[in-house]
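Structure record follows, encoded as structure tokens.
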Amino acid sequence: VASPSNQLASRAYQLVSRSNQLASRAYQLVSRAYQLASRSKQLASRAYQLASRAYQLASRSNQLASRACQLVSRSNQLASRANQLASRAYQLASRSKQLASRAYQLASRAYQLP
């Protein structure tokens, strides 16, 4: 039969051994937590970079869309002006035709006069 002293020493050894196991496990968990935190930081940094790039592209896209709208508006203005000029040209051509016809009539009458 083991003496009480040996029993206590054995129990103390078991507790120290268990304490060491728990401490080792705690260290592993802390190490893993650090690795995960480091990875999380890397991913957050990457996400920020991508968000920043997406914002820049969206901003550029908006600028280009705005410029396209301006060009379409200008194109419409020029087309409208072209239509006005074409209409005016048609009116002038019609008036020219009338005057030419009138001149021909007068010339014909003048020719018929003695």
Over 21 Å from the mean Cα position of the chain (by Cα), part of a helix (DSSP H, G or I) and at pLDDT below 95: which single residue out of ARG11, ARG74, ARG39 fits that description?
ARG11
Test for ARG102: is it exposed (fewer than 10 other Cβ atoms within 10 Å of the Cβ) and of a type in the set (D, E, K, R):
no
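The values are calculated or read from the model by the stated rules, or taken from the named source; none is laboratory data. The shown structure was predicted, so the numbers you read here are calculated from the model rather than taken from an experiment. Neighbour counts run over all protein chains shown; Cβ positions are idealised from the backbone, glycine included.
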